[in-house]
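So the structure is just underneath, and the comments pick up after that.
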Amino acid sequence: MKKFNHLDEGFICENCQKEVTPLGYTSRDHCPYCLYSKHVDINPGDRQNNCKGLLKPIQLEKFKDTFKIIYKCQKCKKDHKNIIAKDDNMTKIIELSNIEK
């Protein structure tokens, strides 16, 4: 079981340069505008990963009663997953769901 460290911070997205505010109900882990994330955690919220590469959203997968975004790190090439957030850009989510697998 992964350890979860509640860390809900705002940031400037390194992909689209937009200001991202804290989520408020759980830890913010990706940009709601472009859906990119950053490879900063080993366990959720720990900020212990030295990679720091951009995580590009590449697919969507069903997870319980929601979805997870599947990412590919642009630096180390590892895959990573994050649950979608309530304020994510639904157009971008739909685009991900239509990507050929």
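Counting only residues that are in contact (Cβ under 8 Å) with a residue 24 or more places away in the chain, out of contact with any His (no Cβ under 6 Å at 6 or more places or on another chain) and not in a loop (DSSP other than H, G, I, E, B), the stretch 59-75 holds 4 of them. Within the stretch 20-37, residues that are among the charged types (D, E, K, R) reach partners that are not in a strand (DSSP E or B) with beta carbons closer than 6 Å, at six or more positions or on different chains, in the pairs R28/D8; R28/P22. Here K3 meets each of (1) of a type in the set (D, E, K, R); (2) modelled with pLDDT under 95; (3) in contact with a strand residue (DSSP E or B) (Cβ under 7 Å, 6 or more places away or on another chain); (4) open to solvent by 40 Å² or more (accessible area, probe 1.4 Å) with one exception, condition (3). Restricting the stretch 63-101 to residues that are within 17 Å of S27 (Cα to Cα) and surrounded by fewer than 12 Cβ atoms within 10 Å (Cβ to Cβ), the residue that is nearest to the chain's Cα centre (by Cα) is K86. Here is the figure for the stretch 11-41: residues that are open to solvent by 40 Å² or more (accessible area, probe 1.4 Å) and either touching an Asp or Glu at 6+ places or on another chain (Cβ under 7 Å) or modelled with pLDDT under 85 (or both) total 6.
Report yes if some residue within the stretch 49-58 is part of a loop (DSSP other than H, G, I, E, B), charged (D, E, K, R) and either in contact (Cβ under 8 Å) with a residue 60 or more places away in the chain or within 15 Å of K77 (Cα to Cα) (or both); otherwise report no. Looking for residues that are part of a loop (DSSP other than H, G, I, E, B), charged (D, E, K, R) and either in contact (Cβ under 8 Å) with a residue 60 or more places away in the chain or within 15 Å of K77 (Cα to Cα) (or both), one finds at least one in the stretch 49-58, hence yes.
The values are calculated or read from the model by the stated rules, or taken from the named source; none is laboratory data. Here the structure is a predicted model, which is why all the values come from computation and not from measurement. Here the Cβ is made from the backbone with ideal geometry for all residues, glycine too, and neighbour counts use every protein chain on show. Just the protein is used for accessible areas: all its heavy atoms, side chains included, with ligands, DNA and RNA removed. Shrake-Rupley method; radii C 1.70, N 1.55, O 1.52, S 1.80 Å.
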